Amino acid sequence: MARPRTKARKSYEELLEENAERIRKHTEALQSLEKERKELQAAKRDEEIQELYQYMQANGLSAQEVLESLKEARPEEIAS
């Protein structure tokens, strides 16, 4: 009776190479996600700035007036 073939064991070098490849792929995925996060944060910031600007325009407010109003509303937070 013939012996059943067993899967050849991988050498430590092969295992280390596979591990390094998996790390590389995950690192690339992480970098891609970090880039996407920065883009989303920038888009959110731009949208909020546009919304604030539209409010200021609709109410005839200058940046100085808005800042003064904020300082009056929360002087302890602005001063620090």
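Values computed for the structure shown
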quantity: Gyration tensor over alpha-carbon atoms, the chain, equivalent ellipsoid semi-axes in Å; calculated: 62, 15, 9
quantity: Reachable aspartates and glutamates, given that their alpha-carbon falls under 19 Å from the alpha-carbon of Lys35 and they are not under 8 places away in the same chain; calculated: Asp46, Glu47
quantity: Rounded tilt (10° steps) of 12-58 against the dominant C-alpha axis of the chain; calculated: 10
quantity: Between 0 and 90°, nearest 10: helix 63-73 axis offset from the chain longest Cα axis; calculated: 90
quantity: Extension gain, Asn59 back to Ala43 (0.36 nm per residue minus Cα-Cα distance, nm); calculated: 3.3 nm
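All of the numbers you see were taken from the coordinates with simple rules; none came from a lab. It should be emphasised that the depicted structure is a prediction, and the values quoted were computed from it without experimental measurement.
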